[in-house]
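The values are calculated or read from the model by the stated rules, or taken from the named source; none is laboratory data. Remember, it's a predicted structure, so these values are computed and weren't measured experimentally. Using ideal geometry, Cβ is built from the backbone for each residue, glycine included, and neighbour counts are taken over all protein chains shown. Only protein heavy atoms, including side chains, enter the accessible area calculation; ligands, DNA and RNA are left aside. Shrake-Rupley method; radii C 1.70, N 1.55, O 1.52, S 1.80 Å.
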Amino acid sequence: MEKALNAQMTQEAWQAQVYLSYGAWAEGAHYAGTSDFLYKHAHEEREHMFKILKYILNRGGKVKVDAIQAAPADPKDLGDCLKKLLQHEVENSKLIDHLADLAHKERDWATLNFAQWFVKEQVEEETLVNNLLDLYVLATTKKDGNVNLYELDRDIAKASQEATIPQEEKF
Ligand code: FEO
């Protein structure tokens, strides 16, 4: 279990490198908003790494800080960037599931409980990237000459749930 936790700790460090490298690519490609998002997420991945590091030590285990493999090649474009991030998250979810599976097999209930946090986190991470992909599709798909659907979608998100009718207007 200790070995598997250490491996996942290194995996999360690598995930941080992925977001960092894609963030640098996005900044270089003039996507300031995207790079900001990706840099922030690189920090989040390092937090995941630290959670595992702390857990190993908390349970009396030995932490092994290992080499991290190189970040992947730059994506081709923004769509490719988001699709690849989703693939990374799906792959990471499988590794987390494996961790939970191992904890269950070893009847290590404390680690199974710990792994559950990551199971939930991975659902969130996949949803987050999927939502960004949805926005990308809206922003890049032209339908019947509509104006930018991404802008429209963003405005709808911010729209008030209340509408003022003439009887309630103040003049
Ligand atoms: Fe720590 Fe995005 O997985």
For this session: Work out which GluC sites (Glu not before Pro) in the chain are exposed loop sites (DSSP not H, G, I, E or B, at most 16 other Cβ within 10 Å) and give the longest gap free of them.
Result: 1-105
Exercise. Is there a pair in 40/105; 94/158; 51/158; 40/64; 40/170; 51/83 whose C-alpha atoms are over 32 Å apart, and which pairs would that be?
Worked result: 40/105; 94/158; 51/158; 40/170
For this session: Take the Cα pairs of the chain, get the Kirkwood Rh, then feed it into Stokes-Einstein at 37 °C and 0.692 mPa s and tell me D in µm²/s.
Result: 178
Problem set entry | List 127, 34, 164, ordered by accessible area with a 1.4 Å probe, largest first | 164, 127, 34
Exercise. At 222 nm, what helix-only mean residue ellipticity would the chain give, in deg cm²/dmol to the nearest 500, using -39500 (n - 2.57) for each DSSP H run of four or more?
Worked result: -25500 deg cm²/dmol
Problem set entry | Solvent-accessible area of residue 77 with every protein chain in place, 1.4 Å probe, in Å² to the nearest 10 | 70
Seminar exercise, completed: Length gained, residue 76-residue 120, 0.36 nm per residue minus C-alpha separation, equals 12.8 nm
